[in-house]
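The values are calculated or read from the model by the stated rules, or taken from the named source; none is laboratory data. All values derive from a computational prediction rather than experimental measurement. Heads up, the Cβs are rebuilt from the backbone with ideal geometry, glycines too, and the neighbour counts pull from every protein chain shown.
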Amino acid sequence: MINIGLLGCGTVGSGVVKILEKNKTDIAKKTGSEIRIRQVLEKDPDKCYKIGLQSDQVTSHFENIINDDAIDIVVELIGGIEPACSFIIEAMKKGKHVVTANKDLIAVKGQELFATAEENNVDFYFEASVAGGIPIIYPLKQSLAANQIQEVIGILNGTTNYILSKMTREGRDYEEVLREAQELGYAESDPGADVEGLDAARKIAILSSIAFNSRVTLDDVYVEGITAITLRDIQYAKELGYVVKLLAIAKEVEGKIQARVHPAFIPLSHPLAFVNDVYNAVFVNGDAVGEIMHYGRGAGEMPTASAVAGDIIEIGRNMHYHSNARIGCTCFKEKGILNISELNAKYYIRMTVKDRPGVLAGIAGVFGNNNVSIAQVLQKTNNQEMAELIMITHTVREKDLQDALTVLKGMSIVFAVNNVIRLEGIDRDNG
Ligand SMILES: NC(=O)C1=CN([C@@H]2O[C@H](COP(=O)(O)OP(=O)(O)OC[C@H]3O[C@@H](n4cnc5c(N)ncnc54)[C@H](OP(=O)(O)O)[C@@H]3O)[C@@H](O)[C@H]2O)C=CC1
Ligand SMILES: N[C@@H](CC=O)C(=O)O
Ligand code: NA
(Lines give C-alpha, C1' and ligand atoms only; values in the text may rest on other atoms or scores of the structure.)
(Ligands and ions follow the chains in the order given, each with its own letter.)
Protein backbone atom coordinates (compact mmCIF):
# COMPACT_ATOMS: atom_id res chain seq x y z
CA MET A 1 0.00 0.00 0.00
CA ILE A 2 1.28 3.48 -0.92
CA ASN A 3 -0.12 6.26 1.26
CA ILE A 4 -0.60 9.79 0.00
CA GLY A 5 -0.68 12.98 2.03
CA LEU A 6 -2.45 15.48 -0.22
CA LEU A 7 -1.99 19.21 0.40
CA GLY A 8 -4.88 21.15 -1.17
CA CYS A 9 -8.14 19.81 -2.53
CA GLY A 10 -8.99 22.57 -4.99
CA THR A 11 -9.25 22.19 -8.77
CA VAL A 12 -6.22 19.93 -9.27
CA GLY A 13 -6.31 18.16 -5.88
CA SER A 14 -9.93 17.08 -6.46
CA GLY A 15 -9.02 15.77 -9.88
CA VAL A 16 -6.19 13.69 -8.41
CA VAL A 17 -8.52 12.10 -5.84
CA LYS A 18 -11.07 11.35 -8.58
CA ILE A 19 -8.67 9.77 -11.07
CA LEU A 20 -6.91 7.63 -8.45
CA GLU A 21 -10.32 6.33 -7.34
CA LYS A 22 -11.81 5.88 -10.83
CA ASN A 23 -8.94 3.82 -12.25
CA LYS A 24 -7.67 2.33 -8.98
CA THR A 25 -7.64 -1.32 -10.03
CA ASP A 26 -5.52 -0.78 -13.13
CA ILE A 27 -3.36 1.80 -11.37
CA ALA A 28 -2.57 -0.72 -8.60
CA LYS A 29 -1.51 -3.26 -11.23
CA LYS A 30 0.67 -0.72 -13.05
CA THR A 31 2.26 0.52 -9.82
CA GLY A 32 2.68 -2.79 -8.07
CA SER A 33 0.78 -1.50 -5.01
CA GLU A 34 -2.55 0.00 -4.16
CA ILE A 35 -2.49 3.82 -3.82
CA ARG A 36 -4.56 5.35 -1.03
CA ILE A 37 -5.34 8.96 -0.09
CA ARG A 38 -4.56 8.81 3.63
CA GLN A 39 -4.81 12.48 4.67
CA VAL A 40 -5.84 15.68 2.93
CA LEU A 41 -4.85 19.12 4.19
CA GLU A 42 -7.56 21.57 3.15
CA LYS A 43 -8.94 24.82 4.55
CA ASP A 44 -12.47 24.03 3.42
CA PRO A 45 -13.34 20.40 4.31
CA ASP A 46 -16.54 20.55 2.23
CA LYS A 47 -14.37 20.48 -0.91
CA CYS A 48 -13.13 17.06 0.26
CA TYR A 49 -16.51 15.65 1.34
CA LYS A 50 -18.01 16.65 -2.02
CA ILE A 51 -15.72 14.19 -3.78
CA GLY A 52 -16.33 11.31 -1.37
CA LEU A 53 -13.47 11.72 1.15
CA GLN A 54 -14.34 10.78 4.75
CA SER A 55 -13.89 13.06 7.77
CA ASP A 56 -11.00 10.97 9.15
CA GLN A 57 -9.12 11.68 5.88
CA VAL A 58 -9.35 15.47 6.19
CA THR A 59 -7.23 17.75 8.36
CA SER A 60 -6.49 21.42 8.77
CA HIS A 61 -3.07 20.75 10.39
CA PHE A 62 0.04 19.98 8.35
CA GLU A 63 1.49 18.26 11.48
CA ASN A 64 -1.02 15.45 10.95
CA ILE A 65 0.61 14.75 7.59
CA ILE A 66 4.27 15.35 8.35
CA ASN A 67 4.16 13.30 11.57
CA ASP A 68 2.31 10.38 10.00
CA ASP A 69 5.06 7.83 9.31
CA ALA A 70 2.72 5.80 7.12
CA ILE A 71 2.58 8.61 4.51
CA ASP A 72 5.03 7.83 1.70
CA ILE A 73 4.32 10.63 -0.79
CA VAL A 74 3.32 14.23 -0.14
CA VAL A 75 1.44 15.75 -3.07
CA GLU A 76 1.59 19.55 -2.83
CA LEU A 77 -1.31 21.27 -4.61
CA ILE A 78 -1.92 24.37 -2.50
CA GLY A 79 0.22 26.56 -4.78
CA GLY A 80 2.28 29.70 -4.08
CA ILE A 81 5.66 30.03 -2.39
CA GLU A 82 4.87 29.78 1.33
CA PRO A 83 3.86 27.66 3.14
CA ALA A 84 4.20 25.29 0.15
CA CYS A 85 8.01 25.52 0.13
CA SER A 86 8.40 24.81 3.86
CA PHE A 87 5.89 21.94 3.66
CA ILE A 88 7.82 20.32 0.79
CA ILE A 89 11.20 20.71 2.47
CA GLU A 90 9.87 19.33 5.77
CA ALA A 91 8.32 16.38 3.95
CA MET A 92 11.60 15.59 2.16
CA LYS A 93 13.53 15.83 5.43
CA LYS A 94 11.15 13.24 6.86
CA GLY A 95 12.02 10.91 3.95
CA LYS A 96 8.76 11.45 2.07
CA HIS A 97 8.74 11.67 -1.72
CA VAL A 98 7.16 14.79 -3.19
CA VAL A 99 4.96 15.50 -6.20
CA THR A 100 3.95 19.07 -7.00
CA ALA A 101 2.34 21.16 -9.76
CA ASN A 102 3.79 24.34 -8.30
CA LYS A 103 5.69 26.18 -11.03
CA ASP A 104 5.81 29.40 -8.95
CA LEU A 105 7.99 27.58 -6.49
CA ILE A 106 10.18 25.52 -8.82
CA ALA A 107 10.97 28.54 -11.01
CA VAL A 108 12.54 30.35 -8.06
CA LYS A 109 13.56 27.64 -5.56
CA GLY A 110 14.28 24.70 -7.86
CA GLN A 111 17.92 24.41 -6.88
CA GLU A 112 17.16 24.28 -3.13
CA LEU A 113 14.37 21.75 -3.60
CA PHE A 114 16.53 19.43 -5.72
CA ALA A 115 19.37 19.67 -3.22
CA THR A 116 17.04 18.77 -0.34
CA ALA A 117 15.58 15.84 -2.31
CA GLU A 118 19.08 14.55 -3.06
CA GLU A 119 20.28 14.90 0.56
CA ASN A 120 17.29 12.90 1.73
CA ASN A 121 17.33 10.34 -1.07
CA VAL A 122 13.72 11.02 -2.10
CA ASP A 123 11.94 11.52 -5.42
CA PHE A 124 10.85 15.02 -6.45
CA TYR A 125 8.52 15.01 -9.48
CA PHE A 126 6.66 17.95 -11.04
CA GLU A 127 5.28 16.97 -14.46
CA ALA A 128 2.07 19.00 -13.95
CA SER A 129 4.02 22.21 -13.36
CA VAL A 130 4.55 22.77 -17.11
CA ALA A 131 1.82 22.49 -19.75
CA GLY A 132 -0.63 20.69 -17.45
CA GLY A 133 -1.47 17.27 -18.84
CA ILE A 134 1.18 17.27 -21.58
CA PRO A 135 4.13 15.01 -20.76
CA ILE A 136 7.17 17.27 -21.21
CA ILE A 137 9.35 17.16 -18.06
CA TYR A 138 9.78 13.39 -18.11
CA PRO A 139 10.38 13.25 -21.90
CA LEU A 140 13.08 15.94 -21.60
CA LYS A 141 14.77 14.24 -18.64
CA GLN A 142 14.40 10.70 -19.93
CA SER A 143 13.32 10.03 -23.51
CA LEU A 144 15.30 12.95 -25.03
CA ALA A 145 18.25 12.77 -22.61
CA ALA A 146 20.71 11.79 -25.37
CA ASN A 147 20.10 15.04 -27.30
CA GLN A 148 21.74 18.45 -27.17
CA ILE A 149 18.58 20.57 -27.16
CA GLN A 150 18.78 23.68 -29.35
CA GLU A 151 15.41 25.26 -28.69
CA VAL A 152 12.13 24.88 -26.86
CA ILE A 153 9.18 26.96 -28.09
CA GLY A 154 5.76 26.66 -26.58
CA ILE A 155 2.31 27.91 -25.91
CA LEU A 156 2.51 27.23 -22.20
CA ASN A 157 -0.42 29.09 -20.70
CA GLY A 158 -3.94 27.78 -21.19
CA THR A 159 -5.72 30.88 -19.90
CA THR A 160 -4.07 33.33 -22.31
CA ASN A 161 -4.34 30.95 -25.24
CA TYR A 162 -8.04 30.59 -24.45
CA ILE A 163 -8.43 34.40 -24.32
CA LEU A 164 -6.48 35.06 -27.55
CA SER A 165 -8.32 32.25 -29.39
CA LYS A 166 -11.74 33.59 -28.41
CA MET A 167 -10.73 37.18 -29.31
CA THR A 168 -9.38 35.99 -32.68
CA ARG A 169 -12.12 33.60 -33.72
CA GLU A 170 -15.18 35.18 -32.10
CA GLY A 171 -14.10 38.83 -31.80
CA ARG A 172 -14.96 38.66 -28.10
CA ASP A 173 -13.99 41.08 -25.40
CA TYR A 174 -10.86 40.39 -23.31
CA GLU A 175 -12.45 40.84 -19.83
CA GLU A 176 -15.43 38.62 -20.60
CA VAL A 177 -13.26 35.74 -21.88
CA LEU A 178 -10.88 36.02 -18.91
CA ARG A 179 -13.84 35.57 -16.53
CA GLU A 180 -14.86 32.47 -18.49
CA ALA A 181 -11.33 31.01 -18.20
CA GLN A 182 -11.45 31.59 -14.44
CA GLU A 183 -14.80 29.82 -14.15
CA LEU A 184 -13.39 26.86 -16.08
CA GLY A 185 -10.57 26.48 -13.50
CA TYR A 186 -7.79 27.38 -15.96
CA ALA A 187 -6.58 30.63 -14.38
CA GLU A 188 -4.23 30.97 -11.42
CA SER A 189 -5.72 32.23 -8.13
CA ASP A 190 -4.20 35.57 -9.19
CA PRO A 191 -5.03 35.65 -12.93
CA GLY A 192 -2.56 38.53 -13.29
CA ALA A 193 0.12 35.83 -13.35
CA ASP A 194 -1.49 34.38 -16.48
CA VAL A 195 -2.25 37.54 -18.46
CA GLU A 196 1.01 39.27 -17.59
CA GLY A 197 3.02 36.30 -18.85
CA LEU A 198 4.51 35.31 -15.47
CA ASP A 199 2.98 31.83 -15.44
CA ALA A 200 4.44 31.05 -18.87
CA ALA A 201 7.77 32.60 -17.78
CA ARG A 202 7.94 30.26 -14.77
CA LYS A 203 7.27 27.33 -17.07
CA ILE A 204 9.90 28.27 -19.64
CA ALA A 205 12.41 28.81 -16.79
CA ILE A 206 11.74 25.21 -15.68
CA LEU A 207 11.95 23.82 -19.23
CA SER A 208 15.12 25.80 -20.04
CA SER A 209 16.87 24.50 -16.93
CA ILE A 210 16.16 20.93 -17.98
CA ALA A 211 16.72 21.37 -21.72
CA PHE A 212 20.04 23.23 -21.43
CA ASN A 213 21.29 21.57 -18.19
CA SER A 214 21.86 25.00 -16.64
CA ARG A 215 19.72 26.70 -13.97
CA VAL A 216 17.36 29.36 -15.36
CA THR A 217 15.14 31.16 -12.86
CA LEU A 218 12.13 33.42 -13.30
CA ASP A 219 14.37 36.52 -13.09
CA ASP A 220 16.34 35.34 -16.13
CA VAL A 221 13.27 35.34 -18.37
CA TYR A 222 12.20 38.44 -20.34
CA VAL A 223 8.41 38.76 -19.84
CA GLU A 224 5.60 40.58 -21.64
CA GLY A 225 1.97 39.52 -21.26
CA ILE A 226 -1.13 39.94 -23.39
CA THR A 227 -2.73 42.90 -21.63
CA ALA A 228 -1.70 45.36 -24.38
CA ILE A 229 -3.10 43.19 -27.21
CA THR A 230 -6.23 44.71 -28.72
CA LEU A 231 -8.80 43.41 -31.21
CA ARG A 232 -7.20 45.88 -33.62
CA ASP A 233 -3.80 44.12 -33.45
CA ILE A 234 -5.52 40.77 -33.87
CA GLN A 235 -7.38 42.11 -36.92
CA TYR A 236 -4.18 43.45 -38.53
CA ALA A 237 -2.42 40.16 -37.82
CA LYS A 238 -5.16 38.36 -39.76
CA GLU A 239 -4.97 40.88 -42.61
CA LEU A 240 -1.21 40.30 -42.89
CA GLY A 241 -1.46 36.48 -42.70
CA TYR A 242 -0.58 35.92 -39.03
CA VAL A 243 -2.19 34.98 -35.75
CA VAL A 244 -1.26 36.37 -32.30
CA LYS A 245 -0.07 33.83 -29.69
CA LEU A 246 1.65 34.21 -26.34
CA LEU A 247 4.88 32.30 -26.90
CA ALA A 248 7.47 31.05 -24.44
CA ILE A 249 10.81 30.69 -26.19
CA ALA A 250 14.15 29.33 -25.02
CA LYS A 251 17.17 28.97 -27.26
CA GLU A 252 20.83 28.31 -26.79
CA VAL A 253 22.78 30.95 -28.75
CA GLU A 254 26.59 30.62 -28.80
CA GLY A 255 26.66 28.94 -25.40
CA LYS A 256 24.24 31.37 -23.74
CA ILE A 257 20.55 30.96 -23.01
CA GLN A 258 17.90 33.29 -24.32
CA ALA A 259 14.57 32.84 -22.52
CA ARG A 260 11.59 35.06 -23.24
CA VAL A 261 7.79 35.20 -23.07
CA HIS A 262 5.85 37.66 -25.19
CA PRO A 263 2.98 37.87 -27.66
CA ALA A 264 4.09 37.06 -31.20
CA PHE A 265 2.72 37.14 -34.73
CA ILE A 266 3.16 33.66 -36.20
CA PRO A 267 2.26 32.68 -39.78
CA LEU A 268 -1.20 31.14 -40.16
CA SER A 269 0.45 28.01 -41.57
CA HIS A 270 2.74 27.50 -38.54
CA PRO A 271 1.87 24.37 -36.45
CA LEU A 272 1.47 26.53 -33.30
CA ALA A 273 -1.17 28.61 -35.11
CA PHE A 274 -3.51 25.63 -34.87
CA VAL A 275 -3.18 25.36 -31.08
CA ASN A 276 -6.35 26.95 -29.75
CA ASP A 277 -8.39 27.42 -26.56
CA VAL A 278 -6.92 25.77 -23.45
CA TYR A 279 -4.60 23.61 -25.53
CA ASN A 280 -0.84 24.02 -25.12
CA ALA A 281 1.96 22.80 -27.33
CA VAL A 282 5.71 22.52 -26.90
CA PHE A 283 8.18 22.33 -29.76
CA VAL A 284 11.53 20.81 -28.97
CA ASN A 285 14.46 20.75 -31.36
CA GLY A 286 17.24 18.29 -30.52
CA ASP A 287 20.38 17.36 -32.44
CA ALA A 288 19.37 13.71 -32.75
CA VAL A 289 15.59 13.73 -32.72
CA GLY A 290 15.09 16.88 -34.84
CA GLU A 291 11.80 18.73 -34.30
CA ILE A 292 9.04 17.25 -32.17
CA MET A 293 5.86 18.79 -30.88
CA HIS A 294 3.92 17.84 -27.75
CA TYR A 295 0.25 18.86 -27.76
CA GLY A 296 -2.60 18.65 -25.26
CA ARG A 297 -4.59 20.41 -22.58
CA GLY A 298 -2.41 22.79 -20.60
CA ALA A 299 -4.75 23.45 -17.69
CA GLY A 300 -7.92 22.28 -15.98
CA GLU A 301 -8.88 19.73 -13.36
CA MET A 302 -8.49 16.33 -15.00
CA PRO A 303 -5.66 16.99 -17.51
CA THR A 304 -3.50 18.41 -14.71
CA ALA A 305 -4.51 15.59 -12.38
CA SER A 306 -3.42 13.13 -15.08
CA ALA A 307 0.15 14.46 -14.85
CA VAL A 308 0.16 14.50 -11.03
CA ALA A 309 -1.18 10.94 -10.86
CA GLY A 310 1.42 9.80 -13.42
CA ASP A 311 4.17 11.12 -11.11
CA ILE A 312 2.62 9.32 -8.12
CA ILE A 313 2.54 6.06 -10.07
CA GLU A 314 6.17 6.50 -11.15
CA ILE A 315 7.26 7.06 -7.54
CA GLY A 316 5.20 4.02 -6.52
CA ARG A 317 7.07 1.94 -9.09
CA ASN A 318 10.40 3.28 -7.82
CA MET A 319 9.36 2.33 -4.29
CA HIS A 320 8.36 -1.13 -5.47
CA TYR A 321 11.81 -1.72 -6.97
CA HIS A 322 13.76 0.27 -4.30
CA SER A 323 15.05 2.62 -6.97
CA ASN A 324 13.98 6.06 -5.75
CA ALA A 325 15.97 9.25 -6.38
CA ARG A 326 17.23 8.04 -9.78
CA ILE A 327 16.40 11.24 -11.66
CA GLY A 328 17.39 14.38 -9.79
CA CYS A 329 18.74 17.77 -10.75
CA THR A 330 20.19 17.85 -14.28
CA CYS A 331 21.71 21.35 -14.10
CA PHE A 332 25.38 20.39 -14.25
CA LYS A 333 26.51 23.33 -16.45
CA GLU A 334 26.58 27.10 -15.97
CA LYS A 335 25.60 29.02 -19.08
CA GLY A 336 25.10 32.78 -19.20
CA ILE A 337 21.81 34.52 -20.04
CA LEU A 338 21.38 36.66 -23.17
CA ASN A 339 19.71 40.04 -22.72
CA ILE A 340 16.61 40.77 -24.84
CA SER A 341 18.38 43.81 -26.36
CA GLU A 342 20.61 41.35 -28.25
CA LEU A 343 17.63 39.65 -29.93
CA ASN A 344 17.46 39.72 -33.73
CA ALA A 345 13.85 39.56 -34.89
CA LYS A 346 11.20 40.96 -37.22
CA TYR A 347 8.63 43.30 -35.68
CA TYR A 348 5.08 44.54 -36.22
CA ILE A 349 4.70 48.21 -35.25
CA ARG A 350 1.38 50.06 -35.02
CA MET A 351 1.56 53.85 -34.74
CA THR A 352 -0.86 56.77 -34.86
CA VAL A 353 0.66 59.63 -36.83
CA LYS A 354 -0.26 62.97 -38.41
CA ASP A 355 -1.78 62.47 -41.85
CA ARG A 356 0.12 64.96 -43.99
CA PRO A 357 2.78 64.92 -46.73
CA GLY A 358 6.30 63.94 -45.65
CA VAL A 359 5.31 62.11 -42.47
CA LEU A 360 6.04 58.66 -43.85
CA ALA A 361 9.42 59.82 -45.18
CA GLY A 362 10.28 61.33 -41.77
CA ILE A 363 9.46 58.10 -39.96
CA ALA A 364 11.33 55.98 -42.51
CA GLY A 365 14.34 58.28 -42.01
CA VAL A 366 14.42 57.63 -38.25
CA PHE A 367 14.24 53.88 -38.79
CA GLY A 368 16.97 54.09 -41.45
CA ASN A 369 19.27 56.08 -39.17
CA ASN A 370 18.97 53.30 -36.57
CA ASN A 371 19.61 50.34 -38.93
CA VAL A 372 15.93 49.36 -38.94
CA SER A 373 14.81 48.32 -42.38
CA ILE A 374 11.08 48.26 -43.19
CA ALA A 375 9.65 45.35 -45.18
CA GLN A 376 5.96 46.26 -45.37
CA VAL A 377 3.75 49.29 -44.67
CA LEU A 378 -0.03 49.65 -44.40
CA GLN A 379 -1.67 53.01 -43.91
CA LYS A 380 -5.22 53.41 -42.62
CA THR A 381 -6.62 56.92 -42.48
CA ASN A 382 -8.77 57.47 -39.39
CA ASN A 383 -9.87 61.01 -40.15
CA GLN A 384 -8.44 64.02 -41.95
CA GLU A 385 -5.80 64.64 -39.28
CA MET A 386 -4.66 61.20 -38.22
CA ALA A 387 -3.54 57.98 -39.83
CA GLU A 388 -2.68 54.57 -38.46
CA LEU A 389 0.61 53.18 -39.76
CA ILE A 390 1.25 49.46 -39.60
CA MET A 391 4.79 48.40 -40.37
CA ILE A 392 6.61 45.08 -40.54
CA THR A 393 10.39 45.27 -40.28
CA HIS A 394 13.07 43.07 -41.76
CA THR A 395 15.20 41.24 -39.18
CA VAL A 396 16.69 43.90 -36.91
CA ARG A 397 18.44 44.08 -33.56
CA GLU A 398 16.01 44.76 -30.68
CA LYS A 399 18.25 47.52 -29.32
CA ASP A 400 18.25 49.36 -32.69
CA LEU A 401 14.47 49.16 -32.88
CA GLN A 402 14.06 50.47 -29.31
CA ASP A 403 16.43 53.36 -30.07
CA ALA A 404 14.39 54.26 -33.17
CA LEU A 405 11.11 54.09 -31.22
CA THR A 406 12.50 56.39 -28.52
CA VAL A 407 13.25 59.02 -31.17
CA LEU A 408 9.86 58.55 -32.86
CA LYS A 409 7.95 58.93 -29.58
CA GLY A 410 9.53 62.38 -29.18
CA MET A 411 8.46 63.62 -32.63
CA SER A 412 5.43 65.90 -33.05
CA ILE A 413 4.21 63.94 -36.12
CA VAL A 414 3.86 60.75 -34.00
CA PHE A 415 0.81 60.77 -31.69
CA ALA A 416 1.47 57.29 -30.27
CA VAL A 417 3.38 54.07 -30.76
CA ASN A 418 0.38 51.85 -30.02
CA ASN A 419 1.97 48.43 -30.07
CA VAL A 420 5.14 46.56 -31.02
CA ILE A 421 4.93 42.78 -31.43
CA ARG A 422 7.70 40.39 -32.46
CA LEU A 423 7.25 38.00 -35.38
CA GLU A 424 8.25 34.36 -34.90
CA GLY A 425 8.37 31.24 -37.04
CA ILE A 426 8.90 33.11 -40.30
CA ASP A 427 12.17 31.48 -41.37
CA ARG A 428 10.68 28.08 -40.62
CA ASP A 429 7.71 29.02 -42.81
CA ASN A 430 9.99 29.97 -45.69
CA GLY A 431 11.76 26.64 -45.42
N1 LIG B 1 -5.66 24.75 -12.24
C2 LIG B 1 -4.85 24.33 -13.21
O3 LIG B 1 -5.26 24.12 -14.36
C4 LIG B 1 -3.42 24.08 -12.92
C5 LIG B 1 -2.85 24.37 -11.69
N6 LIG B 1 -1.53 24.11 -11.46
C7 LIG B 1 -0.94 24.36 -10.15
O8 LIG B 1 -1.54 23.45 -9.23
C9 LIG B 1 -1.58 24.04 -7.94
C10 LIG B 1 -3.02 24.02 -7.43
O11 LIG B 1 -3.82 24.76 -8.33
P12 LIG B 1 -5.42 24.72 -8.24
O13 LIG B 1 -5.87 23.39 -7.84
O14 LIG B 1 -5.89 25.32 -9.50
O15 LIG B 1 -5.66 25.77 -7.05
P16 LIG B 1 -6.93 25.88 -6.13
O17 LIG B 1 -6.90 27.26 -5.55
O18 LIG B 1 -8.16 25.44 -6.85
O19 LIG B 1 -6.63 24.80 -4.97
C20 LIG B 1 -5.77 25.01 -3.90
C21 LIG B 1 -6.50 24.54 -2.64
O22 LIG B 1 -5.60 24.51 -1.55
C23 LIG B 1 -6.19 25.19 -0.45
N24 LIG B 1 -5.13 25.75 0.38
C25 LIG B 1 -4.27 26.74 0.04
N26 LIG B 1 -3.40 26.96 1.05
C27 LIG B 1 -3.70 26.09 2.02
C28 LIG B 1 -3.16 25.82 3.31
N29 LIG B 1 -2.12 26.51 3.78
N30 LIG B 1 -3.74 24.85 4.06
C31 LIG B 1 -4.79 24.16 3.58
N32 LIG B 1 -5.35 24.35 2.36
C33 LIG B 1 -4.81 25.30 1.60
C34 LIG B 1 -7.04 26.25 -1.10
O35 LIG B 1 -8.01 26.73 -0.21
P36 LIG B 1 -8.52 28.27 -0.43
O37 LIG B 1 -9.12 28.33 -1.79
O38 LIG B 1 -9.51 28.44 0.67
O39 LIG B 1 -7.30 29.14 -0.30
C40 LIG B 1 -7.64 25.47 -2.27
O41 LIG B 1 -8.77 24.73 -1.88
C42 LIG B 1 -0.99 25.44 -8.09
O43 LIG B 1 0.39 25.38 -7.80
C44 LIG B 1 -1.19 25.74 -9.58
O45 LIG B 1 -0.28 26.67 -10.08
C46 LIG B 1 -0.71 23.55 -12.41
C47 LIG B 1 -1.21 23.24 -13.65
C48 LIG B 1 -2.60 23.52 -14.02
N1 LIG C 1 -3.11 29.03 -15.11
C2 LIG C 1 -2.38 28.04 -15.83
C3 LIG C 1 -2.73 26.69 -15.28
C4 LIG C 1 -1.75 25.69 -15.64
O5 LIG C 1 -0.57 25.79 -15.39
C6 LIG C 1 -2.73 28.12 -17.31
O7 LIG C 1 -3.68 28.83 -17.65
O8 LIG C 1 -2.04 27.49 -18.11
NA1 NA D 1 3.13 18.52 -18.06
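The table that follows gives values for the structure above.
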quantity	calculated
Among (1) assigned to a strand (DSSP E or B); (2) touching a residue at least 12 places away in the same chain (Cβ under 8 Å) - the single one Asp277 does not satisfy	(1)
Qualifying positions in region 350-394 - surrounded by 14 or more Cβ atoms within 10 Å (Cβ to Cβ), of a type in the set (Val, Ile, Thr), under 28 Å from Asp427 (Cβ atoms) and within 36 Å of the chain's Cα centre (by Cα)	Val372, Ile374, Ile390, Ile392, Thr393
Lone qualifier among Ile37, Ile65, Ile4, Ile19 - being under 28 Å from Ser323 (Cβ atoms) and within 16 Å of ligand 3 (Cβ to nearest atom)	Ile19
Residue identified as assigned to a loop (DSSP other than H, G, I, E, B) and either over 11 Å from the mean Cα position of the chain (by Cα) or not assigned by TED's automatic domain parsing to the domain that holds Val278 (or both) among Asp233, Asp190	Asp190
Residue ID - farthest from ligand 3 (Cβ to nearest atom), chosen from residues in region 134-181 that are crowded, with 24+ Cβ neighbours inside 10 Å and part of a loop (DSSP other than H, G, I, E, B)	Asn157
Counted residues, region 17-42 - those being under 26 Å from Asn64 (Cα atoms), charged (D, E, K, R) and touching a residue at least 40 places away in the same chain (Cβ under 8 Å)	1
